[in-house]
Structures are given as structure tokens and as C-alpha cells.
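Here's the structure, in C-alpha cells; my notes come after.
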Amino acid sequence: MKDIIDNLDRVLESRIRLGVMSILVVNESVAFNDLKQLLDVTDGNLASHVASLEKNKYIRIKKKLVGKKTNTAYFITPTGKKAFNNHLNALEKLIQKNNL
């Protein structure tokens, strides 16, 4: 059982980071405001979590100007996709192991 728990990804233990990754794994890219609305979080809260995901190379961020406003889009990286899938596999094994 300990080996299964050890395979859980600490970066993805946060519900917000897990939510971001869940959204990005099924979408090519997602804008900051869309993520904020989908996850029902504040600007600052989302910004800190995406910074952690970017630091770990799970996502990449692309900023561009649209008119006079900055548009920020998020993309999952191959590293992020692999980490997300490994985390889900570990969760599934943990559930199966504890299914009495």
C-alpha cells in the first residue's frame, strides 16, 4: 500500500492544481478567466497554483496582447500529461486495493 501512496504526485495533491490539470488534459488551451470561472477561485489563488504547475513544467503559459489587454492561455505539457496520468493510475490502484 505504501508503494501506491508513494506514486501519488505531491504537486497534484491540491484540488485546484488537480482541477487545472483535469481541464487542460481535455482542452488544447484554456484562458485564465475561464479557468478561474470553472474552478471558482480568486485571481491570486489561481495565479499561485498555475505558477507551481509551471515551475514543475506541467503546464506552459502563453501571454499575448488582445487590443490593450493581456490574454493569458495555459497549455498542458507532455511532462504534465504524463504526471497527471501517473497520478490517476496511482489513485485507481489505491481505490482497487481498498475495495473490500
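The values are calculated or read from the model by the stated rules, or taken from the named source; none is laboratory data. Predicted model only: the values in this text are computed from it and were never measured. Cβ placement follows ideal geometry from the backbone for every residue including glycine, while neighbour counts extend to all protein chains displayed. Protein only, heavy atoms only, side chains kept; ligands, DNA and RNA dropped before computing areas. Shrake-Rupley method; radii C 1.70, N 1.55, O 1.52, S 1.80 Å.
Can you tell me which residues in segment 1-13 are over 15 Å from K82 (Cα atoms) and open to solvent by 40 Å² or more (accessible area, probe 1.4 Å)?
Answer for segment 1-13, where residues must be over 15 Å from K82 (Cα atoms) and open to solvent by 40 Å² or more (accessible area, probe 1.4 Å): M1, K2, D3, I5, D6, E13.
K69 is checked against (1) charged (D, E, K, R); (2) in contact with a Phe, Trp or Tyr (Cβ under 6 Å, 6 or more places away or on another chain); (3) at pLDDT below 95 and fails just one. What number does that condition carry?
Answer for K69: the failing condition is (2).
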